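The values are calculated or read from the model by the stated rules, or taken from the named source; none is laboratory data. None of the values given here were measured: they were computed from a predicted structure. All Cβ positions, even for glycine, are placed from backbone atoms using ideal geometry, and neighbour counts span all protein chains on display.
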């Protein structure tokens, strides 16, 4: 079970939007997900039209008259997607825990004894660095830090990482964090300038996928829905679905070291067998003209639609090039030019995808 906190003390960076829609995207990938709303403002709870008499406060508090277990407050939203709601009374918990020994581990203690069968627990944190956020960091194995392409949002990441390091040192609890660029406006040159700075500052601590500005995300929350139930073909849905796939591909990395060694040994042996027995692959070259682009990726069925260094295209006089070795067959693909997903303008072969847009179709023959 992976426990991931979504945290950033700066408001308006897409923290709750990410919590809701990432949880829904993971659930759509057949992962069982629990979203814990740890924000007293209860935006995740209200953003999904949840009303509850009991909340996470009744689980964490020791003086409440309506004490409950975590199992007792969970509500099912849809298949694979549950929520532990919040309420405004949670704002009193910080004062309640102020003099208590082990106050920073209250949520961790509860989750440690939690026996439910979830693949992921996502924790939506409040927009501050108080005791609730520290509890979320202590309880989590990983942290997603939503960051806008702006100076002030970037400064907030530095403050959060300081807290993460303190938790790691004082509680002997290592936590991995990764930065997620949100609310990215590809129409602004400033956005790309800040994106480059974020990449420079955090390099290997960033998600490949970014979340673009999309009005459908706000409209969905206003209707009390996640974006996949509001408009599954919109850009926001596509971004969060791609993010969920990127997170899922990391699942093997959470295995125990011994198991991981066995997996790597098995993978090496399988590659050797395939190399000996597989027919020679076809070398394919794909190109796209984009002289003003800063970066271009090639994503498709042949690389599980991933955006990483392996899918980055090389520039040559305004033309971007990528060479592939592929077996015979048909493959969907698209170019990602400065964050914009587009079909190949030089390829007339296309196929409609589940988002209502067109994928280019590549046919490889022997």
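Taken together, the residues in region 61-93 that are under 31 Å from the mean Cα position of the chain (by Cα) and either crowded, with 18+ Cβ neighbours inside 10 Å or not in a helix (DSSP H, G or I) (or both) amount to 21. Across region 98-155, the qualifying residues are those that are in a loop (DSSP other than H, G, I, E, B) and touching a strand residue (DSSP E or B) at 6+ places or on another chain (Cβ under 9 Å), and the one among them that is farthest from residue 7 (Cα to Cα) is 116.
All conditions but one from (1) at pLDDT 90 or above; (2) surrounded by 17 or more Cβ atoms within 10 Å (Cβ to Cβ); (3) not in a helix (DSSP H, G or I) apply to residue 291; the one that does not is (2). None of 176, 172 is within 20 Å of residue 6 (Cβ to Cβ) and assigned by TED's automatic domain parsing to the domain that holds residue 102 except 176. Out of curiosity, is residue 331 within 29 Å of residue 25 (Cα to Cα) and part of a loop (DSSP other than H, G, I, E, B)? So residue 331 does not fit the description; no. The condition of being farther than 20 Å from residue 83 by Cα and modelled with pLDDT of 85 or more holds for only one of 204, 231, that being 231. Total residues in region 166-192 satisfying the condition of being under 22 Å from residue 10 (Cα atoms), in contact (Cβ under 8 Å) with a residue 12 or more places away in the chain and outside any loop (DSSP other than H, G, I, E, B): the figure is 12.
When region 41-58 is examined, which residues are found to be more than 15 Å from residue 223 (Cβ to Cβ), surrounded by fewer than 21 Cβ atoms within 10 Å (Cβ to Cβ) and out of contact with any helix residue (DSSP H, G or I) (no Cβ under 6 Å at 6 or more places or on another chain)? Once the filter is applied, which keeps residues that are more than 15 Å from residue 223 (Cβ to Cβ), surrounded by fewer than 21 Cβ atoms within 10 Å (Cβ to Cβ) and out of contact with any helix residue (DSSP H, G or I) (no Cβ under 6 Å at 6 or more places or on another chain), region 41-58 yields 41, 51, 52, 53.
If you take the residues in region 23-54 that are free of Cβ contacts under 8 Å to residues at least 60 places away in the same chain and in a loop (DSSP other than H, G, I, E, B), which one is nearest to residue 81 (Cα to Cα)? Residue satisfying both the conditions and the ranking: 30. Would you say residue 298 is modelled with pLDDT under 85, outside the structural domain of residue 144 (by TED's automatic domain parsing) and touching a strand residue (DSSP E or B) at 6+ places or on another chain (Cβ under 6 Å)? Considered against the rule, which asks whether it is modelled with pLDDT under 85, outside the structural domain of residue 144 (by TED's automatic domain parsing) and touching a strand residue (DSSP E or B) at 6+ places or on another chain (Cβ under 6 Å), residue 298 comes out as no.
Residues in region 341-352 that are surrounded by fewer than 18 Cβ atoms within 10 Å (Cβ to Cβ) and within 12 Å of residue 299 (Cβ to Cβ): 342 only.
Residue 20 - would you say it is in contact with a strand residue (DSSP E or B) (Cβ under 9 Å, 6 or more places away or on another chain), within 25 Å of residue 242 (Cα to Cα) and outside any helix (DSSP H, G or I)? Criteria not met by residue 20.
Listed here are the residues, each with its yes/no results for (1) assigned to a helix (DSSP H, G or I); (2) at pLDDT below 90.
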{"position": "259", "(1), (2)": "yes, yes"}
{"position": "270", "(1), (2)": "yes, yes"}
{"position": "284", "(1), (2)": "no, yes"}
{"position": "315", "(1), (2)": "no, no"}
{"position": "336", "(1), (2)": "no, no"}
{"position": "346", "(1), (2)": "no, no"}
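When restricted to residues that are in contact with a strand residue (DSSP E or B) (Cβ under 6 Å, 6 or more places away or on another chain), part of a helix (DSSP H, G or I) and either assigned by TED's automatic domain parsing to the domain that holds residue 308 or surrounded by 18 or more Cβ atoms within 10 Å (Cβ to Cβ) (or both), region 203-238 contains 1.
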